[in-house]
Amino acid sequence: MMTEIDINPELDLVLERVVDVPRDLIWTAWTDADQLKQWFVPKPWGVADCRIDVRPGGEFTTVMRSPEGEEFPSSGCFLEVIENERLVFTSALLPGFRPTAKASNDHELPFTAFILLEAEGTGTRYRAIAVHGEAESKKTHEDMGFHSGWGAALDQMVEMIESER
């Protein structure tokens, strides 16, 4: 059964799909740095670096690279880890649950992400929820292309998994 989250439409963004890959392979795609680097950002962007320590308080750091070579680091930590079911991380805390300093640039948005995986037939009901503290942050994240970007990344993940089966 899918863990329910109290969605606030004023503050939260949701991407939900059923994909035709098993949830354990999606879990690995999210928790293995080498795999995550292959799909995490919509092409032609890429991931220049990724560090993942999958445990509560563990590091979740990515460095996104634009097609022009500009790099955008983002660091956070995992809050909750339930294998093959639920992965919760936030950009509002650094590894070890240390609070972040104020954002140093416009691309940094404090949010908490819930990745929820539920077996559905031979596939997976995939739900990504980005929870924001204020409506302005939610709107900024939405305007930055949350649905299209996270949707494209999911498509790339599925394509990567299917190519390796």
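Under 5 Å between amide hydrogens, which residues at least 5 positions from residue 111 or on another chain qualify, with H placed 1.01 Å from N in the peptide plane?
Placed amide hydrogens put 91, 92 under 5 Å from residue 111.
Which of the GluC sites (Glu not before Pro) found in the stretch 47-82 are in a DSSP loop and have at most 11 neighbouring Cβ atoms, other than their own, within 10 Å?
68, 70
Full extension from residue 72 to residue 6: what is 0.36 nm times the residue separation minus their Cα-Cα distance, to one decimal in nm?
Difference between extended and current length: 20.7 nm.
Quick one: net charge around residue 84, please, counting Lys, Arg +1 and Asp, Glu -1 for every other residue with C-beta under 11 Å from its C-beta.
-2
Let me know the shape class of the stretch 7-94, please: from the alpha-carbon gyration tensor, a ≥ b ≥ c as square roots of the eigenvalues, rounded when a/c is under 1.5, otherwise prolate if a/b is greater than b/c, or oblate.
In terms of gyration-tensor shape, rounded.
What's the percent breakdown of Cα-Cα distances in the chain across 10 Å bins, shortest bin first?
Over the chain, the share of Cα pairs per 10 Å bin runs 10, 40, 41, 9, 0 percent.
If you take the beta carbon distance between residue 97 and residue 140 as r and set R0 to 30 Å, what does 1/(1 + (r/R0)^6) give as a FRET efficiency, to the nearest 0.05?
Efficiency for this residue pair is about 0.75.
Dipole magnitude of the stretch 12-164 about its Cα centre, charges +1 at Lys/Arg Cβ and -1 at Asp/Glu Cβ only, in debye to the nearest 20?
Its charge dipole is roughly 320 debye.
We did not get these values from a lab; they are worked out from the coordinates using the rules stated. Keep in mind that what you see is a predicted model, and the values were worked out from it rather than measured. With ideal geometry, Cβ positions are generated from the backbone for all residues, glycine too; neighbour counts draw on all protein chains shown.
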